[in-house]
Amino acid sequence: MKARSLLLLLALVFASCASQQPGRYADVVGGEHPKDVPITAYRDGDLDSENFSVLQVTFGNLTDEWIRVKEVVINLPDNGKTYVVLGEDLSTWARATKEKVAIEQHNSQMFLAGVVAAGAVVAAAGKGDTSTLGVATMYGAAGVLVGQDAIRQIRQLNRGGMLPEGHLLAPFAIPPGLVARRWLVLQTPPKERPKKLTMKVRYVDGREADYQAAL
């Protein structure tokens, strides 16, 4: 319960930021994009380090209806060295990065605390429910996903409810007139930070669209 309360506080902190849609707007490069659903993305320089890149993605909803996202699939650089960080490694990264962030950077501190809390919820779920244990341990050792095989594994994690709340690759909804903020942590080679985010978004109503955003 404490972890869930922290995540709610995290959401409220981000909702109160000066810019509701920080970053650059994503271009629609294919498919059927829902009208009045702007998407922005940026690489969070406050949380980046030599070996990790943190992407923040905001989905807006200018309509009077709920927009529900079933799945997000990202295209990783084809260098064999860029990974999606998940599982215990994600919580460990958040704790270590939290120590590096200056105390005055309140938003970054709250974000990292939320990732740690979310990781604790996921770990507890995996340990307490034997039906999801196999899914939890699938990334528990390495903690990273890479390449096209990551798509299959992430779908398994979604079905098992094993992705942290707020994660870009987990299903989510965008309330009418508001925004949904999502995040993604990538392990990247030094000096090879991603310069763009390319992703496919599948919506619950059957629509799907391809997007590209400069970071």
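Descriptive notes on the structure:
- Residue that is surrounded by the most Cβ atoms within 10 Å (Cβ to Cβ) [pool: residues in segment 53-91 that are hydroxyl-bearing (Ser, Thr, Tyr) and outside any loop (DSSP other than H, G, I, E, B)]: 58
- Filter result (at pLDDT 75 or above, closer than 15 Å to residue 48 by Cβ and hydroxyl-bearing (Ser, Thr, Tyr)) within segment 84-116: 97
- Residues being over 17 Å from residue 199 (Cα atoms), in a loop (DSSP other than H, G, I, E, B) and modelled with pLDDT of 55 or more - total across segment 143-189: 10
- Within segment 190-215, tally of residues that are in a loop (DSSP other than H, G, I, E, B) and out of contact with any Asp or Glu (no Cβ under 6 Å at 6 or more places or on another chain): 9
The values are calculated or read from the model by the stated rules, or taken from the named source; none is laboratory data. Because the structure is predicted, anything quoted here is derived from the model rather than measured. Heads up, the Cβs are rebuilt from the backbone with ideal geometry, glycines too, and the neighbour counts pull from every protein chain shown.
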